[in-house]
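Peer 1: Before anything else, here's the structure in question.
The values are calculated or read from the model by the stated rules, or taken from the named source; none is laboratory data. If you're wondering where the values come from, they're calculated on a predicted model, not measured in any experiment. Positions of Cβ are generated from backbone atoms using ideal geometry, with glycine treated the same way; all protein chains shown enter the neighbour counts. Please note that ligands, DNA and RNA were not included when accessible areas were found on the heavy atoms of the full protein model with its side chains. Shrake-Rupley method; radii C 1.70, N 1.55, O 1.52, S 1.80 Å.
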Amino acid sequence: MTVYGLACFEFGGDLNFRDVVPEHAWRALVEQGRRVVYRRGAVIYRQGDRASSVTLLEDGTVKVLQVTEGGAGLTLTLRGPGEVLGEIGVILDRPRSATLEAVNPCSGHVLGARTFLAGLDRLDLVPTVYRLAVDRMHHVEQLRTDLVSLPPAARVARVILYLAVEVGRPSKGGTLVELGMPREELAAMAAVGRSTAAPVLRRLHMEGVLDLARTRLVVKDAEALEAAARAEGPGAPGM
């Protein structure tokens, strides 16, 4: 699959809820929900809270964080339009496993847990939701495993590629990724320090692979980014 010129690389497959269910099923769930709007930086769900609802995200980007006991947060991934937010806690009847924060203004529809679960049964979507949840966990674990074996520069490129496939959207000159995080958080996602990530990002920018801003970037050359993620091109050691 290709997303705005970006191959899905090793991550592969559709991981967006709206893309894998019939349109009538998505609309049926939306119609049962209450419309909500979140400002930039708003906490949609908080780690540890009771999972009493889900949100069908129709616009905007959401950051998924895990918070340590000391209060530090690690960004795990980003979610975009067409996603169901908070479904794992509802399905398993467990507290929220992560905090979800709006990267930019977001809108969607909130459904209570019982309404959502009844809708899944009625629309015969339970197997789809379980499969999607398992696939997501598998791909996140695959990313973590891959990062261990890659040199630092390729880790940075791999994480950018992953996020571009997840939430990238068409923009002038390439694929826009609303990161909603400073460079330090992006470096932490790639399991490198900021001092390591900064020259890699600079090099990718100078090579014309990326355009950079503080909390967003544009992928201008998808093929070169994929090569860097394999330690074969710009951003790779010695290049």
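Peer 1: Show the residue pairs meeting these rules: Cβ distance below 9 Å; 6+ apart or different chains; first residue within region 36-49 and touching a residue at least 12 places away in the same chain (Cβ under 8 Å) and more than 12 Å from Gly60 (Cα to Cα); second residue hydroxyl-bearing (Ser, Thr, Tyr) and part of a loop (DSSP other than H, G, I, E, B).
Peer 2: Listed pairs, sorted by first residue: Gln47/Ser97; Gly48/Ser97.
Peer 1: Pick from Leu65, Leu125, Leu76: which is open to solvent by less than 30 Å² (accessible area, probe 1.4 Å) and closer than 26 Å to Ala42 by Cβ?
Peer 2: Numbers: Leu125 fails: closer than 26 Å to Ala42 by Cβ; Leu76 fails: open to solvent by less than 30 Å² (accessible area, probe 1.4 Å).
Criteria check complete, one pass: Leu65.
Peer 1: Moving to a separate point now. If only one of Val209, Val156, Val165 is in contact with a Lys or Arg (Cβ under 8 Å, 6 or more places away or on another chain) and buried (at least 20 other Cβ atoms within 10 Å of the Cβ), which one is it?
Peer 2: Matching residue, one of Val209, Val156, Val165: Val209.
Peer 1: Hey, can you tell me all the residues within region 28-59 that are in a loop (DSSP other than H, G, I, E, B), under 11 Å from Leu111 (Cα atoms) and of a type in the set (S, T, N, Q)?
Peer 2: Within region 28-59, Gln32, Ser52 qualify.
Table: residues versus (1) among the hydroxyl-bearing types (Ser, Thr, Tyr); (2) touching a strand residue (DSSP E or B) at 6+ places or on another chain (Cβ under 8 Å).
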site: Ser97; (1), (2): yes, yes
site: Val103; (1), (2): no, yes
site: Val110; (1), (2): no, yes
site: Ala133; (1), (2): no, no
site: Glu166; (1), (2): no, yes
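Peer 1: For region 94-121, name all the residues that are part of a helix (DSSP H, G or I) and without any contact (Cβ under 8 Å) to a residue 60 or more places away in the chain.
Peer 2: Once the filter is applied, which keeps residues that are part of a helix (DSSP H, G or I) and without any contact (Cβ under 8 Å) to a residue 60 or more places away in the chain, region 94-121 yields Arg114, Leu117, Ala118, Leu120, Asp121.
Peer 1: Further question: In region 205-220, what count of residues is obtained for those that are out of contact with any Leu (no Cβ under 8 Å at 6 or more places or on another chain) and either among the aromatic types (Phe, Trp, Tyr) or modelled with pLDDT of 90 or more (or both)?
Peer 2: Residues of region 205-220 out of contact with any Leu (no Cβ under 8 Å at 6 or more places or on another chain): 206-208, 213-214.
Add one more test, that the residue is either among the aromatic types (Phe, Trp, Tyr) or modelled with pLDDT of 90 or more (or both), and what stays is 206-208.
Within region 205-220, residues that are out of contact with any Leu (no Cβ under 8 Å at 6 or more places or on another chain) and either among the aromatic types (Phe, Trp, Tyr) or modelled with pLDDT of 90 or more (or both) number 3.
Peer 1: Somewhere in region 186-194, is a residue touching a residue at least 12 places away in the same chain (Cβ under 8 Å), open to solvent by 20 Å² or more (accessible area, probe 1.4 Å), part of a loop (DSSP other than H, G, I, E, B) and within 27 Å of Gly82 (Cβ to Cβ)?
Peer 2: no
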